[in-house]
1. Could you list all residues from the range 46-80 that are at pLDDT 95 or above, among the small types (Gly, Ala, Ser) and in a loop (DSSP other than H, G, I, E, B)?
2. What about Ile154, is it in contact with a Gly (Cβ under 8 Å, 6 or more places away or on another chain), in contact (Cβ under 8 Å) with a residue 40 or more places away in the chain, more than 18 Å from Phe263 (Cα to Cα) and of a type in the set (Val, Ile, Thr)?
3. Hey, could you check the range 35-50 for residues that are among the hydrophobic types (A, V, I, L, M, F, W, C) and crowded, with 17+ Cβ neighbours inside 10 Å and say which is nearest to Ala90 (Cα to Cα)?
4. Read through the list (1) assigned to a helix (DSSP H, G or I); (2) modelled with pLDDT under 95, then give the number of the only condition that Ala179 fails.
5. Checking Val132 against (1) in a strand (DSSP E or B); (2) in the same structural domain as Gly261 (by TED's automatic domain parsing): exactly one of these is not met. Which one?
6. For the range 268-287, what are the residues that are under 25 Å from Gly195 (Cβ atoms), over 22 Å from the mean Cα position of the chain (by Cα) and not in a loop (DSSP other than H, G, I, E, B)?
7. Please name all residue pairs, on different chains or six or more residues apart, with Cβ atoms under 7 Å, provided the first residue is in the range 75-86 and is touching a residue at least 12 places away in the same chain (Cβ under 8 Å) and of a type in the set (Asp, Glu) and the second residue is part of a loop (DSSP other than H, G, I, E, B) and surrounded by 14 or more Cβ atoms within 10 Å (Cβ to Cβ).
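The values are calculated or read from the model by the stated rules, or taken from the named source; none is laboratory data. What you are looking at is a predicted structure, and each value in this text was computed from that prediction instead of being measured. Positions of Cβ are backbone-derived with ideal geometry, glycine not excepted, and every protein chain shown enters the neighbour counts.
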Amino acid sequence: MQQDVTTHQAEDDARNETILIYVNGALVPRDQARVSVYDSGFMLGDGVWEGLRLYNGRWAFLDEHMDRLFEAAKAIDLDIGMDRAGVIAALEATREANNMQSDVHARLMITRGVKVKPFQHPSLSRSGPTFVIIMEHSRPSIPRPIRLATVPHIRGLPMSQDPKLNSHSKLNCVLACIAAEKAGADEALMLDVHGFVNTTNACNFFIVRKGAVWTSTGDYCMNGITRRHVIDLCRANAIPVFERNFSLVDTYSADEAFLTGTFGAQTPVGRIDGRIIGDGQAGPMTLRLRGLYADLIKAQQP
């Protein structure tokens, strides 16, 4: 039996037991990091988050991540309580306190703050926001291509919960992942409201057919920064790339499939709904794009 794998699987690192976590301006040991049970994020999933990776002392695509964070906060009418420079200063203070230089993943989480009563209305959040940064030594360790299973949970319409938001409310994706695991897969392949292939529960999704790279239209997918850079890399390197609607029929007969995300960059997919994709391993286009992306990261270094 093949071992269980996730798209965020990392090597064990004992240093993570002693990390300092940023909580509302204070740096506290991991086992002392606390938020209130009345916090809006705990009660309702009312908040936004951002994930970043550190390579050789520099946060990859920092400006783009800050744009996405502040756009998401504005979309849900959440006052972060500081400007971009303040958020970056908090990020750097956490990095320096943990003496981190590379192979690091940071999760910034901002909620509407502590409520005075355990109910929904946002006016009850009168002590906020709550701002937490968890930063871990995190080197990806994904031992084989990912197995996906198509699930009934979909990426929905933006008027219900816009899939482009990195919101704390992730139950739809959690349920999708549970359904995929019960089907014997690692993660879920989610369709959009029209039945076209969209994303997984955690990452954006690409296929390769006859030398061309396909991904969804972007209408219902996560606002992926890595996704956008892969598309740009294709265009800059004369690789045909299409943002289009495509079906499971197109997907099953693809030559390759891979996922994109801040953590794993480009992660190969070996099986979808029990069907082997290509030869079941990382294909030549996936490997080429992985190399181009690594070069792009290096070009950012001082």
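1. The answer is Ala60, and nothing else.
2. no
3. Checking each candidate, the answer is Trp49.
4. (2)
5. Here Val132 meets the rest and fails (2).
6. Arg275, Ile276
7. Between residues of the range 75-86 that are touching a residue at least 12 places away in the same chain (Cβ under 8 Å) and of a type in the set (Asp, Glu) and residues that are part of a loop (DSSP other than H, G, I, E, B) and surrounded by 14 or more Cβ atoms within 10 Å (Cβ to Cβ), the close pairs are Asp79/Pro129.
Matching residues to (1) more than 16 Å from Leu148 (Cα to Cα); (2) within 15 Å of the chain's Cα centre (by Cα):
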site	(1), (2)
Cys221	yes, yes
Ala236	yes, no
Phe246	yes, no
Val249	no, no
Gln266	no, yes
